[in-house]
């Protein structure tokens, strides 16, 4: 059994930044990731752009440059994460999923699977940097598992000259609707609310979707939700509390259910961490990011559990690295990095959008 001081689980941006901080401080650590580095970002649609500016999502003191000096695309950010890992020569055991996490009198026992190979580790401390988007919010309706139905949007070309129903009304659904329309799809958008929340839709998407709906390019069915999917149609019902919705039947060759995602809280529950509320957010010491389980820390968006009203993103989780690195090393500067273009902002403080 391999023993280490700190074991980091999850290699998204914040997990990688913490690994850099620990390596720089000379801490003995191991780093495991169930998929590839940036696995959640890998699920993003091709060429999608981040809402945040490059300065805010840059990590570990490495500037994030983009080809056109605007917001980074999915592809640019994945390339950036690879470059950070290579620059700092980080060792990350990718495609090694942690399946069991237990605490005993000496710390933690961690079991993982790499293919069929089972590994066991002992760690004095564990950091869960697992993110909050492990599985889609399922609707639990008939037809949800049909082959033409997906909870993930990847490539608009697939829907060229096809009838596409998109369910959802936040950024992922709105962006998919616009891009698929421009790729030649016949798009219908169903949203359970009567209107878009203008505070959360990317500012460059909101006028586009409104204009396309007004001009009839995208058929919008507000206040509706799917109740039954067949191979050729989707049955929609008026959503609860809606004043605009009406029952409808929509012809559809493909269906995208872009209704959000959930955090997998299995590891938290295995180790006995306290989880609160419908979103199962872990109970944490805000000064250190330590949970109610001594030695168990949480970094990144996992600190919010399943986010219903989003409050944690990459840019406001840098402070988690600072707090955890300080708690582990005793050095308050261990997790502090110079952020290009962000002089004057410290301890995770970032400017408003």
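The values are calculated or read from the model by the stated rules, or taken from the named source; none is laboratory data. Note that the structure is a prediction, hence the values are computed from the model and not measured. For neighbour counting, all protein chains shown are included, and Cβ atoms are generated from backbone atoms with ideal geometry for every residue, glycine included.
Within region 263-274, is even one residue within 21 Å of residue 227 (Cβ to Cβ), touching a helix residue (DSSP H, G or I) at 6+ places or on another chain (Cβ under 7 Å) and not in a strand (DSSP E or B)? No, there is no match, as no residue in region 263-274 is within 21 Å of residue 227 (Cβ to Cβ), touching a helix residue (DSSP H, G or I) at 6+ places or on another chain (Cβ under 7 Å) and not in a strand (DSSP E or B).
When residue 283 is tested against (1) surrounded by fewer than 19 Cβ atoms within 10 Å (Cβ to Cβ); (2) modelled with pLDDT of 95 or more; (3) farther than 27 Å from residue 136 by Cα; (4) under 21 Å from the mean Cα position of the chain (by Cα), only condition (3) is not met.
Determine whether residue 117 is farther than 17 Å from residue 267 by Cα, assigned by TED's automatic domain parsing to the domain that holds residue 317 and free of Cβ contacts under 8 Å to residues at least 12 places away in the same chain. Spelling it out, residue 117 is indeed farther than 17 Å from residue 267 by Cα, assigned by TED's automatic domain parsing to the domain that holds residue 317 and free of Cβ contacts under 8 Å to residues at least 12 places away in the same chain. Residue 245 - would you say it is part of a loop (DSSP other than H, G, I, E, B) and closer than 26 Å to residue 43 by Cβ? When the stated conditions are applied, residue 245 does not pass them.
If you go through region 316-338 and pick out every residue that is buried (at least 22 other Cβ atoms within 10 Å of the Cβ) and out of contact with any strand residue (DSSP E or B) (no Cβ under 7 Å at 6 or more places or on another chain), you end up with 8.
State all residues of region 68-90 that are touching a helix residue (DSSP H, G or I) at 6+ places or on another chain (Cβ under 8 Å) and either outside any helix (DSSP H, G or I) or under 25 Å from residue 297 (Cβ atoms) (or both); if no residue qualifies, say none. Those that are touching a helix residue (DSSP H, G or I) at 6+ places or on another chain (Cβ under 8 Å) and either outside any helix (DSSP H, G or I) or under 25 Å from residue 297 (Cβ atoms) (or both): 71, 72, 77, 81, 84, 85, 88, 90. Within region 318-338, the residues that satisfy the criterion of being assigned to a loop (DSSP other than H, G, I, E, B) and within 11 Å of residue 18 (Cα to Cα) are 334, 335, 336, 337. Among the conditions (1) in a helix (DSSP H, G or I); (2) over 19 Å from residue 134 (Cβ atoms), the only one that residue 302 does not satisfy is (2).
Taking the conditions (1) at positive phi; (2) loosely packed, with under 14 Cβ neighbours inside 10 Å; (3) over 19 Å from the mean Cα position of the chain (by Cα) in turn, residue 61 satisfies each one other than (2).
Let's see how each residue does on (1) farther than 16 Å from residue 315 by Cβ; (2) in contact with a strand residue (DSSP E or B) (Cβ under 6 Å, 6 or more places away or on another chain); (3) surrounded by fewer than 16 Cβ atoms within 10 Å (Cβ to Cβ):
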| residue | (1), (2), (3) |
| --- | --- |
| 71 | no, yes, no |
| 75 | yes, no, yes |
| 78 | yes, no, no |
| 83 | yes, no, yes |
| 89 | yes, no, yes |
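Residues in region 91-114 that are part of a loop (DSSP other than H, G, I, E, B) and either in contact (Cβ under 8 Å) with a residue 40 or more places away in the chain or in contact with a strand residue (DSSP E or B) (Cβ under 6 Å, 6 or more places away or on another chain) (or both): 91, 92, 94, 95, 96.
Residues that are assigned to a helix (DSSP H, G or I) and at pLDDT 95 or above within region 153-174 comprise 156, 157, 158, 159, 173, 174, listed in sequence order.
Quick grid of which residues meet (1) part of a strand (DSSP E or B); (2) in contact with a helix residue (DSSP H, G or I) (Cβ under 9 Å, 6 or more places away or on another chain); (3) at pLDDT below 95:
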{"residue": "194", "(1), (2), (3)": "no, no, no"}
{"residue": "198", "(1), (2), (3)": "no, yes, yes"}
{"residue": "204", "(1), (2), (3)": "no, no, yes"}
{"residue": "210", "(1), (2), (3)": "no, no, no"}
{"residue": "216", "(1), (2), (3)": "no, no, no"}
{"residue": "228", "(1), (2), (3)": "yes, no, no"}
{"residue": "236", "(1), (2), (3)": "yes, no, no"}
{"residue": "241", "(1), (2), (3)": "no, no, yes"}
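If the condition is being assigned to a loop (DSSP other than H, G, I, E, B) and surrounded by fewer than 20 Cβ atoms within 10 Å (Cβ to Cβ), then region 115-132 contributes 115, 116.
Yes/no matrix, rows are residues, columns are (1) under 20 Å from residue 99 (Cβ atoms); (2) modelled with pLDDT of 95 or more; (3) surrounded by fewer than 22 Cβ atoms within 10 Å (Cβ to Cβ); (4) assigned by TED's automatic domain parsing to the domain that holds residue 87:
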position	(1), (2), (3), (4)
8	yes, yes, no, yes
12	yes, yes, no, yes
16	no, yes, no, yes
21	no, yes, no, yes
28	no, yes, yes, yes
38	no, yes, no, yes
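For region 147-163, enumerate the residues that are surrounded by fewer than 24 Cβ atoms within 10 Å (Cβ to Cβ) and within 22 Å of residue 135 (Cα to Cα). Answer for region 147-163, where residues must be surrounded by fewer than 24 Cβ atoms within 10 Å (Cβ to Cβ) and within 22 Å of residue 135 (Cα to Cα): 147, 148, 149, 150, 151, 152, 154, 155, 156.
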